[in-house]
Every structure is written in C-alpha cells, then in structure tokens.
Amino acid sequence: MKKFPLLFGLLWLPFTLQADISQVQQLISSQNFTQALNSIERLLKTQPKDEQALFLKAIALQKLGRDDDAITTYKKLTVIAPSLPEPYNNLAVIYAKQGKQVKAREALLNAINTNKSYATAYRNLGNIYGHMAASAYSKALATDNKKPKQQPQLTLATINNLDKKPKLVVAAAKIPLIKKLPIAKIKAAVPKDESELIINTIKGWSNAWSAKDSDAYLSYYSAGFNPPGGLNRKKWEQQRRIRLKKPRFIRVSIESPTVKMLSSSSALLSFRQNYQSDRFNDAIQKTLLLEKVNGSWQILKEFTSS
C-alpha cells in the first residue's frame, strides 16, 4: 500500500509540469522574465532534459539580455532534441545581434534542414543574405576617399513558442531545401564557368522582360524573394504582370556585369541596366543577390542606385 503514493506522484508529475509550463509562458508573455526564469529553474531540477522547459529558460535568458547563457541553453537543447528548428532559429537571432552573420546563417540552415518548410527560418535567412549583400554592395560602391555606408543592425524574428509539430506556413514544394553552405569570405575571383552561368541567367531574365513574358520573367525569382515596398509575393507578382503588359514594347539590356561570390550557393551580380519602352526610359546601376537552387541561379533580392 505504501507504493501507491509514489506511483500516484509519478503519474501526476507530467500534468503538474505542463501546468507550470503554462504559467511560465504566461509570465513571459507579460514580460515578467526574471520570475519566469526562477520558475523554470525549479521545474528543471525535477526534469532537467524537458524540451519545453529548456526552451522557455533560453527565451527568458534571451529576453533578459543574458545572451551567452541563452546560447548555452539553446545549444544544449539542440543536442537533446536535434530535430527541433526553433532553437537553431533563435541561436541565429542572437548571433545576428552580436554581428556574427556567418554563424547566424549556419544556424538558420540547420533550422531549415530539420524542417524544409519552416517559414520563419526562411524569412530570417533571406534577411541575412540581404544584409550581407547590402554590405558588400556598399563596399563595392565606396571610393578610396569615402567610407562605405554603415548598414543598420540586422534584426531577425525570434520564435517564442516551441511547437513539436510546426505549422507548414510555406509549402515544401515551393521552397526547396537549402544545403548547408561552407563558411567563405567574399571573393573577387569567380570560376569562369560559374560566372558565365550567372550572367547568362540574368540575360535570360532581361530577355523574358523584353519579350513581356511575365511567366518566364517571374520564374527567375527565388521562392524566398522578398518584394520591395512591403508587398506580399502574390500582390507583387500581380503588379509586375500589369507593368509588363501595359507598354507596347519593352527593351531591357545589361552592361558590364560583374560577379562576386558570397558562398558556393550565393552570389552578387552588379550591372548597368538600360530600360526603354514607349512609356518610360531610364538607366540605373543594379545589384542582384542570387541563390543557387537545384543547380540554377535565382534572384533573392534586388538593389538599385541611379
């Protein structure tokens, strides 16, 4: 008969733990981070490897500005539960805050490798690439007597809730898995065949634009492309189709294209873009950030200057 209280306690433990987890989540939501951390530390004394508890501990530490302690906790969680994308994503957030863009990129690629369709990680990865490209573009435009324009601090989206079955916000078929990229500095020299492939890709893009073939034109844009002006992808595509349809003719040509590699699967292409139509003419300097997906180069971000 003495065994029953112990057995009852063991059976009751998961229920009490879940109740306490909910209380900690409420404390974090109400920004009572110190109290939340104290509560979660008590829970971890009885369940030191509980994934939810460890994740909430890392969140509380992160919110309190204890980034190094949060990194340690997130890393511990990636060992205990390597299939969860959220710890990798939040590691990337902290690395980006610390200015460690390469580490942030690697953490996001690990997040994506655990779940091909984790939308937050994809958006954050696009922001990482965009920030790297903008920095490289600024340096390329700077003269010897002028310092490159300082880029604003990179801010990524934190995931605040651990969901063992994340919602597939973005269809896996539309966003292919990005393989882990090697750490690499920006290189001035590019293998000839790869640079030609990139330049030929953009020539195909400009030809589709000139032919007013909207389907072909849009196919050159990566699924991770973030449209300018805060437009969502669907509205941006509708806008582009209208703008391609209205003129009686369009002529787009590119001059002096140059390629710089950010990694084996990402590159910057800079060129002079000449645009003519019966409605409008202009010539601008453009830089495209491209990513290599299944052997093909696609546009991930666009930068322009007059």
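Any read-out appearing in this document is the output of simple, stated calculations on the displayed coordinates, not a laboratory observation. Predicted model, so just to flag it, every value in this text is computed and none were measured. We place every Cβ from the backbone using ideal geometry, glycine too, and count neighbours over all the protein chains shown.
Using DSSP to call loops (not H, G, I, E or B), can you name the trypsin sites (Lys or Arg not before Pro) in segment 217-306 whose Cβ has at most 10 other Cβ atoms within 10 angstrom? Let's see the in-between values first.
Working: sites: 233, 234, 235, 240, 241, 243, 245, 248, 251, 260, 272, 279, 286, 292, 301; in loops: 248, 279.
Those satisfying the criteria are 248.
Give me the distance in nm between label points sitting 7 Å out from Cα along the Cα-to-Cβ direction at residue 238 and residue 22, one decimal.
Output for this residue pair reads 4.1 nm.
Can you give the extra length, in nm with one decimal, that the chain gains between residue 196 and residue 35 once fully stretched, where that is 0.36 nm per residue apart less the Cα-Cα distance? Intermediate results must be reported in sequence, preceding the final value.
Working: separation 161, 0.36 × 161 = 57.96 nm, distance 5.80 nm.
So the chain would gain 52.2 nm between residue 196 and residue 35.
Contact order normalised by length for segment 192-305, with contacts defined as Cα pairs under 8 Å and 6 or more residues apart; what percent is it? If you can, show how the numbers build up before the last one.
Working: 187 pairs, mean separation 27.3, N = 114.
Reported relative contact order: 24 percent.
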